[in-house]
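Heads up, the thing below is written out as structure tokens.
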Amino acid sequence: MEDCFESSRMWLMMEHRRLSEGFHRLTQSMAIALEILPMALLDVSCEVREQVELLQKQAKRAQIYVDPEDPKLWREIQALMAQIERKESPDMIKLMEVFGNLDLNSASDCQRELEKLEDEVEGAWEASEEVRFRINDLASLIRFGKCVLYGATGLQEEEVSGTLVKLSDCEDLKVPEDFRCPISLDLMTDPVIISTGQTYERAAITRWMDGGHQTCPKSGQTISHNVLIPNQALKSLIRQWCDDLGINLSASEPAHHGNRVSQSTPTSLEATKLTVEFLLRQLPSATEKSQRHIAGELRLLAKCGSDNRKVIADAGAVPLLIPLLSVPDVRTQEHAVTAILNLSIFPPNKEIIVEAGAIDPLIHVLCSSDTSDVARENSAAALFSLSHVTDYAALLGDKPNAIDGLLQLLQQGSLRGRRDAASALFNVSAYSGNRAKLVKAGAVEVLLTLLSPPDSGLRDEACAVLAVLAGSSEGRSAICEMNAVPLLIDLLRSSSPKGKENAVAILLSLSRYVGRPVIKEMMNSYIFMPSLDNLLNNGTPRARRKASSLLRHIRRVELSPVTLLGNF
């Protein structure tokens, strides 16, 4: 009974018959238990014995009871969903009547109902696909009704503060590797197990699968289904670890506001379309407060998978969100930039966003001192997402403010923000025409500073960008001018497999194009040859290839007539 009281009202309507039968089975079990209870052996009063006998008889006579109003209300809910599926506008009077009968009399009531419904999804991972789809339909109906009947509402701080705990708040702490998501490398707050048995942060693996990937990022095995099983044991360990260290996990954004209910159906998509169209009609003439609420609703809707992102972009949301990037209200700006970031994850939306003219406003948010840290970091993440397209990476290279803003964030942002900035710079540098521009903007100096502290958390990302810049003459000159060879040699010994791979690639490029001075410096280091030998035997395939090429090049130079004469 307590479980039903805490459950979603919509869910109870959908399951009314099954729940009634369940209560009947419990009553029959109680009747049997009371019937075999040896009352004669118990020291109880006559009054108690009579009460027990009466209860046993009543339980035995009990029949399955279903409130006549429940099937009627459920039929009305189904009729509303059928209207939506037929692409008809639901009867507003009937919608209000149904919501009233469900005690959904305010936006906050609807939000609590949504949260309960989404909890049902988490508990129904073993249920059939049809049941999960039905729950998704119900959630979409509630979201539509909430916006249409009660308007867009403000988001709680915990709903928008970020999907994962930001390690910038605890950079001095060493987070156990098992507590980090293999994709984002951030501390997990909602760990889930996928079909291959690997554990990831729910938001990160959902984004991975929404992007069309069908293999496990860690094991490379095929993902046989998209069911995400909560890893409660690991979550409990993480929470205990955070409690012991005084880290507040409640400051992170729960993934359930849009990520748990992610399966799309014709009904849910049409409900989303109706909701978005309603919100977009209100946006141009909305007050400042309403603009903030509408942008927040669109932000959450854009988190709900590729189908939703397509629906939102196709409805024309992007051109209406772009002006909100320059409004004075910090929270509205934050919602708008995050909504654009979420939309950009769906590949076809990238063109829509760029064609709508979002690049310059996103750069303005990135560089402005009047925006919040979250807005700046999410603008960098949006630029990173857009820069996956080579033409847009080239376009960013033509925007000096974009490069300067990313470099500034790389030095001053949180760990997650700096990682997004480094990733965006990597994509920008992948376009050969941008490399000289990055070097001129001081990228090499900034990146080298990130290689020095072993616990910076960004050594791999910084080294990857440097490896790309080393493919240009400007990049190689800047690396040499910064006397970076000893640092790169040290990375061969002390960095991660990926870091070693990029470090040896940079040294190979320098030895080929700069020549003997670099080779002499390498050979004068007592740790260089042992580190290179270790890489030849134990490195990644790419690292072994690069190390072998570097060793062959050194031998050719060392045995050349010019070198031999010089030694003589």
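The values are calculated or read from the model by the stated rules, or taken from the named source; none is laboratory data. Note that the structure is a prediction, hence the values are computed from the model and not measured. For neighbour counting, all protein chains shown are included, and Cβ atoms are generated from backbone atoms with ideal geometry for every residue, glycine included. Remember, those area values only see protein heavy atoms, side chains included, never the ligands or the DNA or RNA. Shrake-Rupley method; radii C 1.70, N 1.55, O 1.52, S 1.80 Å.
A compact table of results
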quantity	calculated
Filter pass, D460 being touching a Gly at 6+ places or on another chain (Cβ under 6 Å), at pLDDT 85 or above and assigned to a helix (DSSP H, G or I)	yes
Test: residue in region 31-44 that is modelled with pLDDT of 90 or more, under 45 Å from the mean Cα position of the chain (by Cα) and either over 30 Å from S140 (Cα atoms) or buried (at least 16 other Cβ atoms within 10 Å of the Cβ) (or both)	no
All positions within region 184-199 that are at pLDDT below 85 and open to solvent by 40 Å² or more (accessible area, probe 1.4 Å)	L185
Given (1) at pLDDT 90 or above; (2) open to solvent by less than 10 Å² (accessible area, probe 1.4 Å); (3) not acidic (D, E), index of the condition L550 fails	(1)
Region 278-304 residues that are on the phi < 0 side of the Ramachandran plot and open to solvent by 20 Å² or more (accessible area, probe 1.4 Å), paired with ones that are part of a helix (DSSP H, G or I) and charged (D, E, K, R) (beta carbon under 7 Å, 6 or more apart)	R292/R331
Lone qualifier among D391, D404 - being under 22 Å from S432 (Cα atoms), of a type in the set (D, E, K, R) and free of Cβ contacts under 8 Å to residues at least 24 places away in the same chain	D391
Residues being in contact with a Ser or Thr (Cβ under 6 Å, 6 or more places away or on another chain) and either among the β-branched types (V, I, T) or open to solvent by 10 Å² or more (accessible area, probe 1.4 Å) (or both) - total across region 481-528	6
Within region 336-395, considering residues that are assigned to a loop (DSSP other than H, G, I, E, B) and not hydroxyl-bearing (S, T, Y), the one surrounded by the most Cβ atoms within 10 Å (Cβ to Cβ)	A358
Where M96 falls short, out of the listed (1) of a type in the set (A, V, I, L, M); (2) open to solvent by 90 Å² or more (accessible area, probe 1.4 Å); (3) in contact with a Pro (Cβ under 7 Å, 6 or more places away or on another chain)	(3)
The lone exception for G417 - which of (1) part of a loop (DSSP other than H, G, I, E, B); (2) in contact (Cβ under 8 Å) with a residue 60 or more places away in the chain; (3) open to solvent by less than 30 Å² (accessible area, probe 1.4 Å) it fails	(1)
Single unsatisfied condition, A478 versus (1) exposed (fewer than 13 other Cβ atoms within 10 Å of the Cβ); (2) of a type in the set (G, A, S); (3) at pLDDT 90 or above	(1)
Helices (runs of 4 or more DSSP H) wholly inside region 214-311 that include at least 1 residues being at pLDDT 90 or above	266-282, 288-301
Residue in region 83-106 that is in contact with a helix residue (DSSP H, G or I) (Cβ under 8 Å, 6 or more places away or on another chain), at pLDDT 90 or above, part of a helix (DSSP H, G or I) and of a type in the set (G, A, S) present	no
Test: residue in region 400-409 that is open to solvent by 50 Å² or more (accessible area, probe 1.4 Å), more than 25 Å from L185 (Cβ to Cβ) and of a type in the set (S, T, N, Q)	yes
Positions within region 1-56 being part of a loop (DSSP other than H, G, I, E, B) and without any contact (Cβ under 8 Å) to a residue 60 or more places away in the chain, in sequence order	M1, E15, I36, L37, P38, L42, D43, V44, S45
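Residues are listed down the side, and each one gets a yes or a no for (1) farther than 26 Å from F133 by Cβ; (2) open to solvent by 70 Å² or more (accessible area, probe 1.4 Å); (3) of a type outside the set (A, V, I, L, M):
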{"site": "L26", "(1), (2), (3)": "yes, yes, no"}
{"site": "E50", "(1), (2), (3)": "yes, yes, yes"}
{"site": "L55", "(1), (2), (3)": "yes, yes, no"}
{"site": "Q78", "(1), (2), (3)": "no, yes, yes"}
